[in-house]
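Here's the structure we're looking at; comments come further down.
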Amino acid sequence: MYDLRREQDTINPHTCADVMVLSHEEEKTHPYWYAHVIGIFHINVEYRQDDAGSYSHPTQMDFLFIRWFQRDISPAGWAAKQLHHLQFFNDNSPDTYGFLDPNCVIHGVHLIPGFAYPIDYEDLNSDWWFYYLNM
């Protein structure tokens, strides 16, 4: 059961590292994208408006280094009585890794390893071939 009274999730790359964000696809077949948080970073940024201007005061910028999941397009959801399947993009894909503003995260998600599918030994960053998105 999700605790609605807390109004926030804790993201820990070692324990609770899977999150959801709003989809930016034109086709609205599924409203969310899913990602696995690899690291949480905080940097101090200074910038200039133009080449002749002075630098701004240091401003803290937070970001997440993530690995994107891709969703299996087979029928899933309440009507299909089937949980959504997620799997990581291949390492050869340019969409595999990315950076994300923590303010874009809606909340954490609970993924269930697909025990019925064999483990992907070729992908050293993944333990399971598929994950089920717990609803």
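Readers should treat all values here as calculations from the given coordinates under stated rules, not as data from a laboratory. Just so it is clear, the structure is predicted and the values come from calculations on it, not from any experiment. Methodologically, a virtual Cβ is constructed for each residue, glycine included, from the backbone with ideal geometry; neighbour enumeration extends over all protein chains shown.
Counting other beta carbons within 10 Å of each Cβ, put 11, 66, 119, 43 in order, fewest first. Ranking 11, 66, 119, 43 by Cβ neighbours within 10 Å, fewest first, gives 43, 119, 11, 66.
The label-point distance for residue 45 and residue 93, in a model that sets each label 7 Å from Cα toward Cβ, rounds to 2.7 nm.
Taking a temperature of 10 °C and a viscosity of 1.306 mPa s, what whole-number D in µm²/s does Stokes-Einstein yield for the chain with Rh from Kirkwood over alpha carbon pairs?
Numbers: Rh = 17.0 Å.
Estimated diffusion coefficient is 93 µm²/s.
Multiplying the residue separation of residue 32 and residue 72 by 0.36 nm and subtracting their alpha-carbon distance yields 13.1 nm.
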